[in-house]
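The values are calculated or read from the model by the stated rules, or taken from the named source; none is laboratory data. Because the structure is predicted, anything quoted here is derived from the model rather than measured. Because the Cβ atoms are built from the backbone with ideal geometry, glycine has one as well, and the counts that use them run over all protein chains shown.
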Amino acid sequence: MRNGKGFTLIELMLVVVIIGVLVSMVAPRLAGRSEEARIAAARADINANISIALDLYELDNGKYPETEEGLAALLSKPGSSAKWKGPYIKKVPLDPWGRNYAYRSPGDHNIDYDLYSYGPDGQEGGDDNVSNWETEDARK
């Protein structure tokens, strides 16, 4: 007296096993992608978002913000600026690891400024730092 309108326990178990096999094949490939995505986001902030705001600041003021003024000069007028027309950015973003980007002007590596993130370990000088003076090819 079986009406045939449902799945048997064997069929359901087979589907669960197949899904488990697929997950076990795909999960290792995706495991390292989150860190790569964070590095790419930091690189985008450094090479595009914040850099454009700094260039607009320099265009109006004739110089980049001083190290002491930092990136906060993009949001509110610093004392050393007579021609400030900002804000140049809605908010200064944190790096993908939740820390402030480091800024130095004049830079040690660039004439204008150095802009960088300490990366996942939060330590200066590590291999995983993301900066505006190092290309992606040099990191490989």
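Among the residues of the stretch 81-88, is there at least one that is of a type in the set (A, V, I, L, M) and outside any loop (DSSP other than H, G, I, E, B)?
Restricting attention to the stretch 81-88, the residues satisfying the condition of being of a type in the set (A, V, I, L, M) are 82.
Retained after the next criterion (residues that are outside any loop (DSSP other than H, G, I, E, B)): none.
Checked against the condition, which is being of a type in the set (A, V, I, L, M) and outside any loop (DSSP other than H, G, I, E, B), the stretch 81-88 yields no hits at all.
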Which one of the conditions (1) surrounded by fewer than 19 Cβ atoms within 10 Å (Cβ to Cβ); (2) touching a residue at least 24 places away in the same chain (Cβ under 8 Å); (3) not in a loop (DSSP other than H, G, I, E, B) does Ala40 fail to meet, given that it meets all the rest?
(2)
List the residue pairs whose Cβ atoms are under 6 Å apart, where the first residue sits in the stretch 14-34 and is surrounded by 10 or more Cβ atoms within 10 Å (Cβ to Cβ), the second is modelled with pLDDT of 85 or more, and the two are 6 or more positions apart or on different chains.
none
For Pro65, all conditions in the list (1) buried (at least 16 other Cβ atoms within 10 Å of the Cβ); (2) assigned to a helix (DSSP H, G or I); (3) of a type outside the set (S, T, N, Q); (4) touching a Pro at 6+ places or on another chain (Cβ under 9 Å) hold save one; what is the number of the exception?
(2)
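Going through Gly70, Gly125, Gly107, Gly98 one at a time, which residue ends up being touching a strand residue (DSSP E or B) at 6+ places or on another chain (Cβ under 6 Å) and at positive phi? Write out each step before concluding.
On the way: Gly125 fails: touching a strand residue (DSSP E or B) at 6+ places or on another chain (Cβ under 6 Å); Gly107 fails: at positive phi; Gly98 fails: touching a strand residue (DSSP E or B) at 6+ places or on another chain (Cβ under 6 Å).
That would be Gly70, the only listed residue that is touching a strand residue (DSSP E or B) at 6+ places or on another chain (Cβ under 6 Å) and at positive phi.
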